[in-house]
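Okay, structure first, notes after.
The values are calculated or read from the model by the stated rules, or taken from the named source; none is laboratory data. Since the model is a prediction, treat every value here as computed from it, not as a measurement. All Cβ positions, glycine included, derive from the backbone under ideal geometry; neighbour counts span all protein chains shown.
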Amino acid sequence: MPRPPDTAGAETLPSMEEQVKRLKILKAVPSGMRRTRSQLEFKRAVKENPAALALRCDAYDSLLRVAGKIADWADWTTLCSRPTEERLADQLGLSLSTVKRRVRWLREHGHLGTVEKGSKLAKRAALWVLCVPDSEGATDPGVDPGSSPELTPAQGADQGADQGGCTSDPPSGFPFGGGASNPTRTREDRPRRRDPERISPTWGLHVTPRTKRDMLAAAQRLRTESSTLARLSAWYLRWLLKAFFVAGWTPADVLHALDVKGDDSRWTYTWSTASQLRHLPGWMRFRLSAWLERGIPLPSKSQQAAALRDAQRAQQRAWADLNNAMAEASAAGPRLQAPRMSRQEALATAPAWSPAASVDEQALQEATGRGASLARQLLTERGLPTVNAIASRWARSA
């Protein structure tokens with residue numbers, strides 16, 4: 001019986017198409033770089049790049065996020081990635097222009113080699129190969145320079161052969177604080193950021209907080225005033241009451257809303273001590289919901305009082321303006337002034353006597369006499385000297 005042909009060697013030989021593709025990937029690796037052995041090696045190489053460490057904090061953060069997402073999309077065998085820039089921007093929550101800048105930075109610094117260019121007409125994204133600095137002088141991991149360029153699977157899913165001495169700490173030349181730690185693993189020690197001693201203990205009970213620091217101080221004042229709220233941290237209270245503080249509430253308004261409903265009726269208590277509350281944040285949300293309308297806080301007690309005072313003051317100012325206007329109108333009054341004579345009328349001779357003129361003059365004298373008698377009567381009733389007495393005094397003095 002003839003022996004079947006040995007096909008084991010034929011199965012391991014790559015096809016011509018695969019060889020051309022692998023040669024294309026090797027050609028896309030920039031000079032001085034090599035194909036990365038794993039995704040983690042690529043991420044750490046980008047993170048510890050001196051040019052990346054010199055970037056601004058927000059640019060450094062977005063660069064690491066873009067590089068990490070590109071590495072997550074990479075194929076484990078070829079370590080090539082083909083995500084579109086639009087998909088990167090959508091998944092990372094960044095703008096498309098920011099993603100384009102970060103990808104261009106990775107290509108300019110040799111961390112991404114372009115195997116195939118993208119085409120909008122063909123609806124095909126660009127193909128990038130992940131690269132890291134070549135510190136050993138090898139062209140590609142696991143490839144003998146004298147043999148055919150065969151790409152081998154990445155050595156290790158999480159760590160390569162040259163990562164034994166790598167650490168998660170940045171180099172000593174880290175520009176943001178020198179050798180400050182920058183932990184990337186959960187078990188590493190992280191600096192304590194929340195220091196209660198930096199919270200201002202003198203925040204006013206009737207003062208509205210404006211900034212985040214002010215809201216934190218107001219939350220701390222609430223913990224001081226209420227033993228129930230003292231069971232929650234100041235940061236948690238600030239998060240729970242942010243919408244009310246932004247609406248202009250004061251710590252005193254919050255304490256009032258926890259005891260009184262929006263219709264000015266009192267809450268009833270079904271517990272005797274605060275320790276009987278099973279879920280304090282839920283209890284706060286339920287009571288403060290009476291002061292919400294479609295998710296928007298209603299005017300607080302202090303805001304309602306301030307609005308009432310402003311309305312009263314506006315009404316008082318309106319009445320004062322009305323009284324002043326009436327007084328000015330009565331004091332000024334319409335003045336009837338005789339028309340001025342012209343020059344010709346003033347220089348004209350007096351008219352001759354006529355009976356009508358004598359009648360008018362006689363009527364004028366009668367009216368003057370009646371006015372004088374009435375004036376003397378009023379002066380006598382009020383105990384004032386009359387005109388005759390004053391005239392006699394002037395005569396004696398003369």
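How many residues does region 23-80 contain that are of a type in the set (Lys, Arg), within 15 Å of Cys131 (Cβ to Cβ) and surrounded by 15 or more Cβ atoms within 10 Å (Cβ to Cβ)?
Looking only at region 23-80, we keep the residues that are of a type in the set (Lys, Arg), and these are 24, 27, 34-35, 37, 43-44, 47, 56, 65, 69.
Now drop any that are not within 15 Å of Cys131 (Cβ to Cβ), which leaves 24, 27, 34-35, 37, 43-44, 47.
The next check asks that each one be surrounded by 15 or more Cβ atoms within 10 Å (Cβ to Cβ); those that pass are 34-35, 37, 43-44, 47.
The number of residues fulfilling the criteria is 6.
Does Leu106 count as under 23 Å from Arg37 (Cα atoms), in the same structural domain as Val132 (by TED's automatic domain parsing) and of a type in the set (A, V, I, L, M, F, W, C)? So that I can check it myself, show each step before the final result.
On the way: under 23 Å from Arg37 (Cα atoms): yes; in the same structural domain as Val132 (by TED's automatic domain parsing): yes; of a type in the set (A, V, I, L, M, F, W, C): yes.
Yes, satisfied.
Given the residues Ser265, Ser302, which is the only one that is touching a residue at least 40 places away in the same chain (Cβ under 8 Å) and of a type in the set (Gly, Ala, Ser)? Steps first, please.
Working: Ser265 fails: touching a residue at least 40 places away in the same chain (Cβ under 8 Å).
When all the criteria are applied, what remains is Ser302.
Being in a helix (DSSP H, G or I) and at pLDDT below 75 is the filter here, so list the residues in region 12-27 that pass it.
The first filter runs over region 12-27 and keeps only residues in a helix (DSSP H, G or I), leaving 12, 16-27.
Across region 12-27, the qualifying residues are Thr12, Met16, Glu17, Glu18, Gln19, Val20.
May I ask you to say which residue of Trp291, Trp267 is surrounded by fewer than 14 Cβ atoms within 10 Å (Cβ to Cβ) and under 22 Å from Leu205 (Cβ atoms)? So that I can check it myself, show each step before the final result.
Details: Trp291 fails: surrounded by fewer than 14 Cβ atoms within 10 Å (Cβ to Cβ).
Every option except Trp267 fails the conditions.
Could you check region 101-124 and list, in sequence order, the residues that are more than 17 Å from Ala52 (Cβ to Cβ) and surrounded by fewer than 20 Cβ atoms within 10 Å (Cβ to Cβ)? Walk me through it before giving the result.
Keep residues of region 101-124 that are more than 17 Å from Ala52 (Cβ to Cβ), which gives 113-124.
Result: Thr114, Glu116, Lys117, Gly118, Ser119, Lys120, Leu121, Ala122, Lys123, Arg124.
Restricting to region 109-132, count the residues that are over 12 Å from Ile25 (Cα atoms), out of contact with any Pro (no Cβ under 8 Å at 6 or more places or on another chain) and either at pLDDT 85 or above or part of a strand (DSSP E or B) (or both). Outline the logic, then answer.
Keep residues of region 109-132 that are over 12 Å from Ile25 (Cα atoms), which gives 109-111, 117-126, 132.
With out of contact with any Pro (no Cβ under 8 Å at 6 or more places or on another chain) added as a condition, the list becomes 109, 111, 117-124, 126, 132.
Going one step further and asking which of them are either at pLDDT 85 or above or part of a strand (DSSP E or B) (or both), we end up with 109, 111, 117, 119, 124, 126, 132.
Within region 109-132, residues that are over 12 Å from Ile25 (Cα atoms), out of contact with any Pro (no Cβ under 8 Å at 6 or more places or on another chain) and either at pLDDT 85 or above or part of a strand (DSSP E or B) (or both) number 7.
Quick one: would you say Leu258 is within 34 Å of the chain's Cα centre (by Cα), closer than 27 Å to Pro201 by Cβ and in the same structural domain as Arg223 (by TED's automatic domain parsing)?
Details: within 34 Å of the chain's Cα centre (by Cα): yes; closer than 27 Å to Pro201 by Cβ: yes; in the same structural domain as Arg223 (by TED's automatic domain parsing): yes.
It is true that Leu258 is within 34 Å of the chain's Cα centre (by Cα), closer than 27 Å to Pro201 by Cβ and in the same structural domain as Arg223 (by TED's automatic domain parsing).
So which residues in region 209-244 are farther than 15 Å from Leu255 by Cα and among the acidic types (Asp, Glu)?
Asp214
What's the number of the only condition in (1) assigned to a loop (DSSP other than H, G, I, E, B); (2) of a type in the set (A, V, I, L, M); (3) within 26 Å of Arg22 (Cβ to Cβ) that Leu106 fails to meet?
(1)
So the check is Cβ under 9 Å with 6+ separation or different chains; which pairs have a first residue in region 213-225 that's farther than 17 Å from His256 by Cβ and assigned by TED's automatic domain parsing to the domain that holds Ala252 and a second one that's in a helix (DSSP H, G or I) and of a type in the set (Gly, Ala, Ser)?
Correct list of pairs: Leu216/Ala234; Ala217/Ala234; Gln220/Ala234.
Looking at region 210-220, is at least one residue crowded, with 23+ Cβ neighbours inside 10 Å, among the acidic types (Asp, Glu) and either touching a Cys at 6+ places or on another chain (Cβ under 7 Å) or under 20 Å from Ser200 (Cβ atoms) (or both)?
No, region 210-220 contains no residue that is crowded, with 23+ Cβ neighbours inside 10 Å, among the acidic types (Asp, Glu) and either touching a Cys at 6+ places or on another chain (Cβ under 7 Å) or under 20 Å from Ser200 (Cβ atoms) (or both).
Looking at Ala318, Ala290 in this structure, which one is among the small types (Gly, Ala, Ser) and under 21 Å from Thr228 (Cα atoms)? Please lay out each step first, then the result.
On the way: Ala318 fails: under 21 Å from Thr228 (Cα atoms).
Step by step, each of Ala318, Ala290 is checked, and only Ala290 is among the small types (Gly, Ala, Ser) and under 21 Å from Thr228 (Cα atoms).
Being touching a Leu at 6+ places or on another chain (Cβ under 8 Å) and over 21 Å from Ile199 (Cβ atoms) narrows it down to one residue among Arg266, Arg287; which is it?
The match here is Arg287.
With Leu121, Leu96 as the choices, which residue is under 40 Å from the mean Cα position of the chain (by Cα) and not acidic (Asp, Glu)? Don't jump to the end; show me each part of the working.
Details: Leu121 fails: under 40 Å from the mean Cα position of the chain (by Cα).
Criteria check complete, one pass: Leu96.
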